[in-house]
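Undergrad: Okay, handing you the structure first.
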Amino acid sequence: MPSEPRNPATDQIPPVVVVGGGMVGIATAIWLQRAGRRVTLIDKADAPGDRASFGNAGVLASSSVLPVTMPGLLGKLPKMLLNPSDPIFVRWPYLPKLLPWALRYLSHANEADVRRIASAMAPIVGNSLDDHLALSEGTPARRHIKPCDFAVLFKDRAAFEKDALGWSIRKDLGFRWTEHEGAARAACDPLFPDSFDLLATLHDHGQITDPGAYLADLRDHFVASGGTFLHAEVTDIAHENGRATGVVTPRGRLDASAVAITAGAWSPLVTKKLGVKIPVEAESGYHLEFWEPSVMPKAPTLVPSGKFILSPMAGRLRAAGGVEFGGLNNKGRGAPFEALKRGVDRVLPGLRFAKETRWMGHRPAPTDSIPIIDQLPDLDGVYLGFGHQHVGLTGSARTGRILADMIGGSIPNIDITPYRVSRFMGERNHTRTQSAHARQMEVC
Ligand SMILES: Cc1cc2nc3c(=O)[nH]c(=O)nc-3n(C[C@H](O)[C@H](O)[C@H](O)COP(=O)(O)OP(=O)(O)OC[C@H]3O[C@@H](n4cnc5c(N)ncnc54)[C@H](O)[C@@H]3O)c2cc1C
């Protein structure tokens with residue numbers, strides 16, 4: 001694709017620098033580019049798999065508005081953590097560091113907060129198929145998007161009804177589904193054993209059939225359209241007189257007219273350099289891929305009892321899920337893979353395949369499960385877009401558009417109050433000041 005013609009007037013202004021080239025970063029970069037801005041996207045990853053946007057389940061999960069912190073979690077947690085078959089893990093040496101975040105996270109496991117979180121998530125993820133069609137329009141990435149149902153598989157109706165609150169919230173927010181039971185379930189997807197008697201199919205969803213290739217195609221399009229991509233780690237944000245002026249990398253300083261921090265689970269490390277601590281933890285997840293599988297589900301299928309999604313993808317079946325808290329240095333281990341494998345065996349006994357591949361990565365998880373999409377209050381020119389926990393692929397296209405609007409000075413057509421970073425700042429006065437970093441923002 002040819003580069004856009006250069007505009008000498010805008011070439012004088014330093015580019016907008018987007019820090020982090022996962023799905024949120026690339027969506028932000030493309031929407032900024034379409035608004036006529038010069039953009040430099042910087043990413044530190046040494047391999048494509050070093051980011052959640054590569055290894056996720058690929059579901060455009062519009063109806064996934066509910067947090068992990070559903071009511072009742074607290075009571076179930078000890079059993080979950082001690083049972084090796086349950087795919088929720090804590091790396092125990094990391095517990096002291098995790099604890100302040102975990103206490104705040106668990107404090108949201110009540111109905112009022114769950115309803116508030118779901119209402120905040122719906123505008124970010126609720127129209128994700130259209131959002132991604134718009135993002136990928138005119139790019140080779142379009143070929144990876146497939147409209148589909150999103151299925152949820154239960155042992156029986158009692159298991160389905162255990163999540164009555166979740167289903168009623170989805171209904172209130174306008175999501176539609178069909179429940180298939182017994183023979184109807186078998187007709188709907190005959191693949192699963194009779195021990196799974198109920199399949200709920202949520203309508204009007206979508207799927208990315210190869211998340212890594214989708215991201216790579218979007219990045220190639222961004223570069224072909226005149227964008228600059230740099231492989232480097234941003235170690236600091238340069239600023240003068242209360243305004244961001246550039247970013248610092250081991251390769252030198254780069255001028256910027258604005259900086260967007262979209263570095264996923266690593267974002268708090270970047271904001272911390274500005275004296276801003278934001279309570280986002282790395283919530284690691286795992287995937288197993290079965291290449292040339294003997295069977296494929298018709299649609300991406302969530303198995304709540306095993307906390308994983310079976311996702312039919314190009315050339316392979318991906319089983320993705322699990323939750324592990326061990327910080328950003330957690331490199332993964334066998335137990336979560338084994339739990340995932342046992343879950344797959346239960347749902348697809350007799351699955352055969354040519355080869356198995358394994359991956360783990362970090363979801364960015366804020367204490368209240370709501371992403372941060374905002375401008376930093378105390379330093380002009382710094383924008384934040386991270387914390388999309390389990391639905392960052394889904395919400396990336398919308399988030400990128402909102403951030404591009406904010407950076408361009410137009411008012412996004414959404415109330416951004418729920419996503420503001422000031423919610424983590426306690427009672428402090430949020431008035432913009434010139435002495436930005438003299439004070440530490442509260443948190444964690
Ligand atoms: C197992 C699993 C299954 C999932 N399934 C789904 C799903 O089906 N649907 C869905 O919507 N979501 C899913 N998710 C969640 C989703 O993948 C994430 O929310 C999303 O990818 C986060 O995107 P991101 O761009 O914020 O972060 P990332 O994809 O992690 O990208 C952040 C980037 O920032 C870069 N970076 C970090 N620090 C710096 C720095 N200082 N300088 C330069 N670069 C830096 C990193 O190298 C990285 O490339 C899943 C996640 C997991 C783990």
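The values are calculated or read from the model by the stated rules, or taken from the named source; none is laboratory data. All values derive from a computational prediction rather than experimental measurement. All Cβ positions, glycine included, derive from the backbone under ideal geometry; neighbour counts span all protein chains shown. Just so you know, the surface numbers come from the protein's heavy atoms only, side chains and all, with ligands and any DNA or RNA stripped out. Shrake-Rupley method; radii C 1.70, N 1.55, O 1.52, S 1.80 Å.
Undergrad: Given region 257-321, what strands (runs of 3 or more DSSP E) lie entirely inside it while holding 1 or more residues that are polar (S, T, N, Q)? Give the steps one after another, and end with the answer.
TA: Details: elements: 258-261, 280-291, 301-303, 308-313.
Of the strands (runs of 3 or more DSSP E) lying wholly inside region 257-321, those with at least 1 residues that are polar (S, T, N, Q) span 280-291, 301-303, 308-313.
Undergrad: Moving on. Condition test on S85, is it near the ligand (Cβ under 9 Å from one of its atoms), touching a residue at least 24 places away in the same chain (Cβ under 8 Å) and not in a strand (DSSP E or B)?
TA: No, not satisfied.
Undergrad: Here's something else I'd like to know. Which pairs have Cβ atoms under 6 Å, sit 6 or more apart or on different chains, and link a residue in region 99-120 that is more than 24 Å from F89 (Cα to Cα) to one that is open to solvent by 30 Å² or more (accessible area, probe 1.4 Å)?
TA: Close Cβ pairs (under 6 Å, with a partner that is open to solvent by 30 Å² or more (accessible area, probe 1.4 Å)) amount to E111/P71; A118/L66; A120/P418.
Undergrad: Same structure, new question: Quick check, is R91 touching a Pro at 6+ places or on another chain (Cβ under 9 Å), in contact (Cβ under 8 Å) with a residue 12 or more places away in the chain and away from the ligand (no atom under 11 Å from the Cβ)?
TA: No, not satisfied.
Undergrad: Have a look at L135, L129 and point out the one that is outside any loop (DSSP other than H, G, I, E, B), touching a helix residue (DSSP H, G or I) at 6+ places or on another chain (Cβ under 6 Å), hydrophobic (A, V, I, L, M, F, W, C) and over 21 Å from K307 (Cβ atoms). Quick ask: steps written out before the conclusion?
TA: Values: L129 fails: touching a helix residue (DSSP H, G or I) at 6+ places or on another chain (Cβ under 6 Å).
When all the criteria are applied, what remains is L135.
Undergrad: Let me ask something additional. Can you find a residue in region 320-338 that is in contact (Cβ under 8 Å) with a residue 40 or more places away in the chain and under 30 Å from L32 (Cα atoms)?
TA: For region 320-338, residues in contact (Cβ under 8 Å) with a residue 40 or more places away in the chain and under 30 Å from L32 (Cα atoms): present.
Undergrad: A further question follows. Would you be able to say whether some residue in region 240-249 is more than 10 Å from the ligand (Cβ to nearest atom) and within 24 Å of K355 (Cα to Cα)?
TA: So far as region 240-249 goes, no, none of its residues is more than 10 Å from the ligand (Cβ to nearest atom) and within 24 Å of K355 (Cα to Cα).
Undergrad: Also, quick follow-up: Being among the aliphatic types (A, V, I, L, M) and within 23 Å of the chain's Cα centre (by Cα) is the filter here; which residues of region 224-257 pass it?
TA: L230, A232, V234 - these are the residues of region 224-257 that are among the aliphatic types (A, V, I, L, M) and within 23 Å of the chain's Cα centre (by Cα).
Undergrad: Going by the structure shown, is L269 away from the ligand (no atom under 16 Å from the Cβ) and out of contact with any Ser or Thr (no Cβ under 7 Å at 6 or more places or on another chain)? It would help to see each step written out before you state the result.
TA: Working: away from the ligand (no atom under 16 Å from the Cβ): no; out of contact with any Ser or Thr (no Cβ under 7 Å at 6 or more places or on another chain): yes.
So L269 does not fit the description; no.
Undergrad: Now for a separate question. Specify which of the listed residues (K307, K355) is within 20 Å of L191 (Cα to Cα) and of a type in the set (D, E, K, R).
TA: So the residue among K307, K355 that is within 20 Å of L191 (Cα to Cα) and of a type in the set (D, E, K, R) is K307.
Undergrad: What tally of residues in region 162-205 results from selecting those that are of a type outside the set (K, R) and not in a strand (DSSP E or B)?
TA: 26
Undergrad: If you don't mind, another one. What are the residues in region 279-302 that are open to solvent by 10 Å² or more (accessible area, probe 1.4 Å), in contact with a helix residue (DSSP H, G or I) (Cβ under 9 Å, 6 or more places away or on another chain) and within 28 Å of L106 (Cα to Cα), if any?
TA: Within region 279-302, V280, E281 meet the criteria.
Undergrad: Let me ask another. Between A164, A112, A151, A120, which is in contact with a strand residue (DSSP E or B) (Cβ under 7 Å, 6 or more places away or on another chain), closer than 22 Å to V65 by Cβ and hydrophobic (A, V, I, L, M, F, W, C)?
TA: Matching residue, one of A164, A112, A151, A120: A151.
Undergrad: Next question, about the same structure. Which one of R423, R398 is more than 20 Å from A244 (Cα to Cα), within 16 Å of the ligand (Cβ to nearest atom), among the charged types (D, E, K, R) and touching a residue at least 12 places away in the same chain (Cβ under 8 Å)? Before the answer, list the steps.
TA: Numbers: R423 fails: within 16 Å of the ligand (Cβ to nearest atom).
Within the list R423, R398, the selection yields R398.
Undergrad: Is there a residue being modelled with pLDDT of 95 or more, within 12 Å of the ligand (Cβ to nearest atom) and farther than 19 Å from G321 by Cβ anywhere in region 53-64?
TA: no
Per-residue answers, yes or no, for (1) over 30 Å from K162 (Cβ atoms); (2) in contact with a His (Cβ under 8 Å, 6 or more places away or on another chain); (3) more than 14 Å from the ligand (Cβ to nearest atom):
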site: H203; (1), (2), (3): no, no, yes
site: Q207; (1), (2), (3): no, no, no
site: Y214; (1), (2), (3): yes, yes, no
site: L218; (1), (2), (3): yes, no, no
site: V223; (1), (2), (3): yes, no, yes
site: G227; (1), (2), (3): yes, no, yes
site: R251; (1), (2), (3): yes, no, no
site: A256; (1), (2), (3): yes, no, no
site: K273; (1), (2), (3): yes, no, no
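Undergrad: Filter region 27-44 down to the residues that are open to solvent by 20 Å² or more (accessible area, probe 1.4 Å) and within 7 Å of the ligand (Cβ to nearest atom) and list them by number.
TA: Start the filter on region 27-44 by keeping residues that are open to solvent by 20 Å² or more (accessible area, probe 1.4 Å), which leaves 31, 34-38, 44.
Of everything in region 27-44, just one residue is open to solvent by 20 Å² or more (accessible area, probe 1.4 Å) and within 7 Å of the ligand (Cβ to nearest atom), namely K44.
Undergrad: Then there is this: On the basis of being under 18 Å from M23 (Cα atoms) and touching a residue at least 12 places away in the same chain (Cβ under 8 Å), does L135 make the cut?
TA: When the stated conditions are applied, L135 passes them.
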